[in-house]
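Note sheet for the following structure.
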Amino acid sequence: MKQILLIDGYNVIHKVPEFESALERSLEAARDALLRYCARWRQTRGDFMELHVVFDGSSSVDNLDGGMKMGVVVTYTRTGEDADDRIRRIVDDGPAGCRFVVVTDDNDLMVMTEKGKAIRLRCKDIKTISRNTQGVRLVRLEQGDKVARVAPIANEPPVSPEPPIEGDKK
């Protein structure tokens, strides 16, 4: 099965010490460090047909060009569009029969089991693991139960309550 890796660029830059230290020099240095890392990583893996890094857009990057850099597809979103929205659009418009792997920690995960157990986890609370581990446990299963689905849930900004309309009774 073809796989495409999608990375929320600034999200990763702010979570990985190597990239965060490059950020102290400049935003461009941090982006370049991430892209160099991604290019090296992609050369060691034959199972991903594409690797995309998506950076949130703003007026400060409106003049930057995306495109292919070091074998990595780079995208700068438009002002007002965030990386998560662009990543969703890439997945929606992607080729049929393709598996997408998304790297971000902006969202929560909902893990649901066949026996009806559901647990919501914040991605940023999932512990990072080293290469020699088997992974992390997201949910403890009862005997005979299986994970039925894992779905991302976008975190929405809190909604401010509307001020009461004059004359309304509470």
Item to check | Amide H contacts of residue 103 (H built 1.01 Å from N, under 5 Å, at least 5 apart or other chain) | outcome: 6, 7, 8
Item to check | Mean Cβ neighbour count within 10 Å, used as a protection proxy, ranking 84-94, 28-38, 5-15 highest first | outcome: 5-15, 28-38, 84-94
Checklist outcome for this item: Summed over the other residues with a beta carbon less than 11 angstrom from that of residue 116, with K and R at +1 and D and E at -1, the charge totals -1
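Here, each number is a calculation from the coordinates, and none is a lab measurement. This is a predicted model, so every value here is computed, not measured. Every residue, glycine as well, gets a Cβ built from its backbone with ideal geometry; the counts of neighbours run over all protein chains shown.
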